[in-house]
Amino acid sequence: MKEIIINWQKVQYQIRNSNKAKNIKISINSDWELVLVLPKKWFFQSQKSLIKKWEEFMKQKWNWILKHIWKTNNFKLWDNYQDYLKNKEKALKLVSLKVRYWSEKMWVSYNKIFIKNQRTKWGSCSSKKNLNFNYKIIYLEVTEQEYLIVHELAHLKYMNHQKEFWDLVCNTLWSEKYRKYKIKIK
């Protein structure tokens with residue numbers, strides 16, 4: 001994603017090159033993201049002149065962009081919040097059972113469990129031994145759920161991602177595949 005600042009607001013967008021387009025245009029993709037479509041005739045211009053033309057075009061279309069961002073962000077946020085409210089308790093039950101099971105196996109103790117509606121994190125562990133999990137954990141495969149829980153429980157022993165931390169995660173789950181494993185949030 002690229003970023004431009006217009007009227008002191010950050011606007012994120014993608015660039016798509018098109019053989020069919022005759023002019024620069026702005027569109028919205030299926031993920032409700034802003035896309036700047038560039039015609040083929042622009043491919044060979046210098047990066048500096050392209051950036052200048054993009055910025056001018058984006059500034060001309062500022063009202064449309066602002067309206068689009070407001071609409072889609074509010075729709076996404078509301079939709080996401082409704083899903084969170086509907087599934088928060090379900091996530092808490094699932095996580096509580098799995099945390100209890102894995103904490104006994106790992107010989108670690110925790111304080112409280114919280115279910116949150118986070119946009120960029122699956123979970124976290126505080127210095128007070130509180131565990132936070134994203135409610136979207138309910139949508140993951142069982143192996144991914146267990147990995148996330150073991151990952152956060154391992155932070156109760158190692159508040160970092162050093163070798164000992166990853167050794168504990170992999171030994172607990174009986175697999176080296178989890179060493180620096182990543183799960184994307186959708």
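The values are calculated or read from the model by the stated rules, or taken from the named source; none is laboratory data. Note that the structure is a prediction, hence the values are computed from the model and not measured. All Cβ positions, even for glycine, are placed from backbone atoms using ideal geometry, and neighbour counts span all protein chains on display.
Yes or no: segment 101-114 includes at least one residue that is in contact with a Phe, Trp or Tyr (Cβ under 8 Å, 6 or more places away or on another chain), outside any loop (DSSP other than H, G, I, E, B), surrounded by 16 or more Cβ atoms within 10 Å (Cβ to Cβ) and modelled with pLDDT of 95 or more. Within segment 101-114, one or more residues are in contact with a Phe, Trp or Tyr (Cβ under 8 Å, 6 or more places away or on another chain), outside any loop (DSSP other than H, G, I, E, B), surrounded by 16 or more Cβ atoms within 10 Å (Cβ to Cβ) and modelled with pLDDT of 95 or more. Consider segment 137-163 and keep the residues that are loosely packed, with under 12 Cβ neighbours inside 10 Å and not polar (S, T, N, Q). The one that is farthest from the chain's Cα centre (by Cα) is Lys163.
Looking only at segment 91-123, residues that are within 14 Å of Gln145 (Cα to Cα) and under 14 Å from the mean Cα position of the chain (by Cα) come to 3 in all.
Once segment 83-100 is narrowed to residues that are modelled with pLDDT of 95 or more and hydrophobic (A, V, I, L, M, F, W, C), the residue that is surrounded by the most Cβ atoms within 10 Å (Cβ to Cβ) is Val95.
Remark: pairs (first residue in segment 37-55, over 14 Å from Arg16 (Cβ atoms) and at pLDDT below 70; second residue assigned to a helix (DSSP H, G or I) and of a type in the set (D, E, K, R); Cβ separation under 9 Å; 6+ apart in sequence or on different chains) = Gln45/Lys53.
If only residues of segment 134-186 that are among the polar types (S, T, N, Q) and in contact with a helix residue (DSSP H, G or I) (Cβ under 6 Å, 6 or more places away or on another chain) are counted, the one that is farthest from Leu85 (Cα to Cα) is Thr172.
What do you reckon, is Gln60 within 30 Å of Val150 (Cα to Cα) and modelled with pLDDT of 75 or more? Judged against the criteria, Gln60 is not a match.
Residues that are in a strand (DSSP E or B) and closer than 13 Å to Lys184 by Cα within segment 133-157 comprise just one, Asn134.
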